[in-house]
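Below: one structure, written as structure tokens.
The numbers here are math on the coordinates, done by the rules we state, and not lab data. Remember, it's a predicted structure, so these values are computed and weren't measured experimentally. In this analysis, Cβ positions are derived from the backbone assuming ideal geometry, glycine residues included, and neighbour counts consider all displayed protein chains.
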Amino acid sequence: MIPVHKAQQIRDAEAAFMAQNPDVDLMQLAAEGVAECALRMLGDPEGSRRYVLVAVGPGNNGGDGLFAAARLAEAGCQVSLWLTAGTAHEAGLAAATRAGCQVVECISAAAHLAEVDLLIDAVLGIGGRPGLEPAVATFAAEASMLEVDVLSVDIPSGVDPDSAVLPEDCFRATRTITFAARKPCHVLKPAASASGVVEVFDLGLELPRPALRQAQVGDIARRWPLPGPTSDKYSRGVIGIDTGSARYPGAAVLGTIGALHAGAGMIRFVGPEVAANLIRTTLPSVTHGEGAVQAWLLGSGWGQTEANRERLAARLAAGKVPAVIDADALVMLPDTLPANCLLTPHAGELSRMLGVERSIVEADPLRHGRMAAERWDSVVLLKGATQYVVTPDGQMTLAVPGPYWSAQAGSGDVLAGICATLLASGLSAADAALLGASVQAMAAQRRRGPFPPDVIAREVATIVGEFDFIA
């Protein structure tokens, strides 16, 4: 797991470090990291002098950039400095100019953008506000249009370090070198798209429990419930699926495909006959009719009718087993759910669950995901470009990311089926959500392009089969 810390956590850790280590200059350490990263990006073209332009803000982020600029000049680079606010960190500016860096005005900086080998964005750090001043915004947009290589210091300037929101005015980095730990903006989409490749430079800070964590492929492979020599269809997990309707029979088929290709031991389908007939035709291993189950999959393709409130209540009352509750069932949840349930809303569904505007959820998905998890005492998998797994105690983990091709009708139905397989296998709802969302993303990454959700679901089986070798 990759730890992700909020800006205030980093600031507090820096303050504690400086109080305990008064002789250590964190800015010099940071500048060393920036310069080393810049030199790697520049490479070492024989016989040419590398031209670096540094956009320098007035605060400590600018100071990091200035001391890094001095190191680059001493390494033989031609370095120009644009002081975006007209002022800069005094000691850093003195060091840079002593090393031979040249201060240029805005017009000159913009005029030479096409000639630079590397642009270092040292305008705003984690203490800055989202957005850029007009002149800086125009400059950042020009750099993006010219496809200039950009190294952002700590975060891309203009981005809120703790937010998933991608502002219109910000730098778009080729690479970001951040200090101590990743911040939310480095991993939460769409903001993360501005960071490019993120590199963490260790400053030796003592950090608290992270605000959230980012799962990696190895985490998923190690946790996947693989069968052993004593496994049978019952021990691997029996799923009850009550999904679909006359209007949306495909949702039932897709969820069942997802469950089957994630490794369900046995599936009992008890949904509408129109969906059951499709499943009989395409998925002959699925059984039909009531029976004991270890987990339910409910809600996908139900449609918004009041009769489904009783349908949901009846299923949740039957045996008190955990359930994956999806789609239309999410807006008719009872106050109390069985233990270990998983709710799988996208932003629009979560907004209806909480009675707020969708835009408010999208602006702060972390807060609203936690609100829902606490309110229903259940794990919430908030679906989208970034997929958040939130537990009732507020712990948040991000699934392995996938390509944007997955944003299509039916992907959520497949995902719910995958998660139901994992829930029935005996995993916690949090692990079922994390592994389910991650493996679907990994399968989509393997089959990049406009492949439909059922094709991606079948690729899941291949990915899971490879976990056997990793384990």
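Please report how far the C-alpha centroid of the range 198-212 lies from that of the range 55-128, rounded to the nearest whole angstrom. If you average the Cα positions of each part, the centres end up 26 Å apart. Under the combined filter of DSSP loop state and at most 15 neighbouring Cβ atoms within 10 Å, the range 152-247 retains these GluC sites (Glu not before Pro): Glu168, Glu206. When the scattering of the range 217-470 is computed by the Debye formula from its Cα atoms alone, each counted once and equally, what is log10 I(q)/I(0) at q = 0.10, 0.12, 0.15, 0.17 Å⁻¹? Computed log10 I(q)/I(0) values: -0.41, -0.61, -0.99, -1.32. The stretch between Asn21 and Thr336 holds 108.3 nm of extra length on full extension. This uses 0.36 nm per residue minus the Cα-Cα distance.
Taking 1.306 mPa s as the viscosity and 10 °C as the temperature, the Stokes-Einstein diffusion coefficient of the range 382-461 based on its alpha-carbon Kirkwood radius rounds to 126 µm²/s. In a DSSP loop and with at most 10 other Cβ atoms within 10 Å, the trypsin sites (Lys or Arg not before Pro) in the range 277-353 are Lys320. Ranked from largest, the principal axis spans of the Cα set of the range 191-312 equal 61, 43, 26 Å.
The structure shown yields P(r) over Cα pairs in 20 Å bins from 0, in percent, and of the options [x] 24, 44, 25, 6, 0; [y] 26, 58, 16, 1; [z] 21, 39, 23, 16, 1 that calculated value carries the label [x].
Remark on Arg182: its backbone amide H falls under 5 Å from those of His5, a criterion applied only to residues 5 or more positions apart or on other chains, H modelled at 1.01 Å from N.
Hand me the tally of lysine pairs in the chain: alpha carbons under 24 angstrom apart, and the pair either on different chains or 8 or more positions apart.
Numbers: Lys6/Lys183; Lys6/Lys189; Lys6/Lys383; Lys183/Lys383; Lys189/Lys383; Lys233/Lys320.
Qualifying lysine pairs in the chain: 6.
Check each of the GluC sites (Glu not before Pro) in the range 303-350 and keep only those in coil by DSSP with at most 13 other C-beta atoms within 10 angstrom; list them in order. Passing sites in the range 303-350 are Glu306.
Just round it to a whole percent: the fraction of Cα-Cα distances in the range 2-212 exceeding 20 Å. Intermediate results must be reported in sequence, preceding the final value.
On the way: 11678 of 22155 pairs.
Beyond 20 Å sits 53 percent of the P(r) for the range 2-212.
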